[in-house]
C-alpha cells in the first residue's frame, strides 16, 4: 500500500502545480496571481519533500527549506508592492 501511495501523491502534487501555473498565467487580476504564486511554491515544497522521501535523501529537505524562506520573503514583498506601490520605503 505504501509503495502505491508515494507515486500517487507525487502525481497529484504535479497536477496541483500545473493547475497553479494555469491560474498564475490566466488569473483575472494581481491578487489572484500572487495567491497562485504563493500556492505554487507551497506545492513545490511538498513535491520536493515527496521526491526526497522516495529517493531516501536529506538533500531535498534542505532545498525545500530554502524555497520556503525565499517564497515567504517573495510573498511579503509582492503583497507590500500591491498595497503601497513600492517595496522599499
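Anything in segment 18-45 that is surrounded by 17 or more Cβ atoms within 10 Å (Cβ to Cβ) and more than 22 Å from residue 81 (Cβ to Cβ)? List them, or say none. The answer is 43, 45. When restricted to residues that are touching a residue at least 24 places away in the same chain (Cβ under 8 Å) and closer than 13 Å to residue 42 by Cα, segment 10-24 contains 4. Against the test of being touching a residue at least 40 places away in the same chain (Cβ under 8 Å), more than 14 Å from the chain's Cα centre (by Cα) and closer than 19 Å to residue 72 by Cα, the options 7, 31 yield a single qualifying residue, 31. Answer yes or no: is there a residue in segment 32-41 that is farther than 21 Å from residue 18 by Cβ, modelled with pLDDT under 90 and assigned to a helix (DSSP H, G or I). Scanning segment 32-41 turns up no residue that is farther than 21 Å from residue 18 by Cβ, modelled with pLDDT under 90 and assigned to a helix (DSSP H, G or I). No other residue among 69, 73, 49 is surrounded by 11 or more Cβ atoms within 10 Å (Cβ to Cβ), assigned to a helix (DSSP H, G or I) and at pLDDT 90 or above apart from 49.
The values are calculated or read from the model by the stated rules, or taken from the named source; none is laboratory data. Being a predicted model, the structure only gives us computed values, none of them experimental. Note: ideal-geometry Cβ built from the backbone for every residue, glycine included; neighbour counts use all protein chains shown.
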